[in-house]
Amino acid sequence: MNKVDHIGIAVQSIQDALPFYTEQLGLQCMAIEEVASQKVKVAFLDAHNVKIELLEPLYQDGPIATFLKKRGEGIHHIAFGVSSIQERINDLKEKGIRMIDESPRRGAGGALVAFMHPKSAHGVLYELCEKEDQGER
């Protein structure tokens, strides 16, 4: 793992949550986009050494909507920046880690992403995130 790339936080509404992050905490909103394949709208905030990703469900049958129904708003996942994501997936599987994604898929910002199953990671949902440009999102 290269570094923590971002921390995903599930929210009911980005519009309602964003002022806390921008006005109270003074973070800059970098981008807002929809990721139709994940049924989610995301906002990325610059927290200097790590990004915060706010996740709002677009539909009530998506994974973020399900998370919010079960647990309410809060931390959803921690994403590690990686290079050679498929190699990293294969390595983790060889080490006995159960993966939600056996191969990478496109996520926000065009990044390749894959998730580890929380049952293999002491209850934490971890994401592997490979960007073409390992710099800013």
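The values are calculated or read from the model by the stated rules, or taken from the named source; none is laboratory data. Remember, it's a predicted structure, so these values are computed and weren't measured experimentally. For neighbour counting, all protein chains shown are included, and Cβ atoms are generated from backbone atoms with ideal geometry for every residue, glycine included.
Screening the candidates Leu68, Leu27, Leu58 for the property of being more than 13 Å from Ala108 (Cβ to Cβ), in contact (Cβ under 8 Å) with a residue 24 or more places away in the chain, surrounded by fewer than 19 Cβ atoms within 10 Å (Cβ to Cβ) and more than 14 Å from the chain's Cα centre (by Cα) yields one hit, Leu27.
Take the conditions (1) under 18 Å from Asp5 (Cβ atoms); (2) among the small types (Gly, Ala, Ser); (3) modelled with pLDDT under 95; Ala43 misses just one of them, which is (3). Only a single criterion out of (1) more than 20 Å from Lys3 (Cβ to Cβ); (2) within 12 Å of the chain's Cα centre (by Cα); (3) modelled with pLDDT of 95 or more; (4) exposed (fewer than 15 other Cβ atoms within 10 Å of the Cβ) is not satisfied by Arg106, namely (3). Exactly one residue out of Val35, Val82 is closer than 27 Å to Ala121 by Cα, of a type outside the set (Asp, Glu) and touching a Lys or Arg at 6+ places or on another chain (Cβ under 7 Å), and it is Val82.
Which one is nearest to Val40 (Cα to Cα) among residues in region 83-131 that are in a loop (DSSP other than H, G, I, E, B) and charged (D, E, K, R)?
First, the residues of region 83-131 that are in a loop (DSSP other than H, G, I, E, B): 83-84, 95-98, 100-104, 107, 111, 117, 121-125, 131.
With charged (D, E, K, R) added as a condition, the list becomes 95, 98, 101-102, 131.
Values: Lys95: 31, Arg98: 24, Asp101: 17, Glu102: 21, Lys131: 19 Å.
Among residues in region 83-131 that are in a loop (DSSP other than H, G, I, E, B) and charged (D, E, K, R), the one nearest to Val40 (Cα to Cα) is Asp101.
Scan region 41-55 for residues that are under 18 Å from Asp16 (Cβ atoms) and without any contact (Cβ under 8 Å) to a residue 60 or more places away in the chain and the total you get is 7.
Regarding region 63-75, can at least one residue be identified that is assigned to a strand (DSSP E or B), in contact with a Lys or Arg (Cβ under 8 Å, 6 or more places away or on another chain) and under 24 Å from Lys3 (Cβ atoms)?
Narrowing region 63-75 to residues assigned to a strand (DSSP E or B): 74-75.
Restricting the remaining residues to those that are in contact with a Lys or Arg (Cβ under 8 Å, 6 or more places away or on another chain) gives none.
No, there is no match, as no residue in region 63-75 is assigned to a strand (DSSP E or B), in contact with a Lys or Arg (Cβ under 8 Å, 6 or more places away or on another chain) and under 24 Å from Lys3 (Cβ atoms).
Residues in region 1-24 that are touching a Phe, Trp or Tyr at 6+ places or on another chain (Cβ under 8 Å) and either surrounded by fewer than 18 Cβ atoms within 10 Å (Cβ to Cβ) or hydrophobic (A, V, I, L, M, F, W, C) (or both): Met1, Asn2, Lys3, Val4, Ala10.
Looking at region 6-60, the strands (runs of 3 or more DSSP E) lying wholly inside it that each contain 1 or more residues that are of a type in the set (Lys, Arg) and in contact with a His (Cβ under 7 Å, 6 or more places away or on another chain) sit at 51-57. For region 6-34, give me the residue count where each residue is more than 15 Å from Phe67 (Cβ to Cβ) and either in contact with a helix residue (DSSP H, G or I) (Cβ under 8 Å, 6 or more places away or on another chain) or polar (S, T, N, Q) (or both). Summing the residues that are more than 15 Å from Phe67 (Cβ to Cβ) and either in contact with a helix residue (DSSP H, G or I) (Cβ under 8 Å, 6 or more places away or on another chain) or polar (S, T, N, Q) (or both) in region 6-34 gives 9. Ala47 meets each of the listed conditions (1) within 12 Å of the chain's Cα centre (by Cα); (2) closer than 20 Å to Phe80 by Cβ apart from (1).
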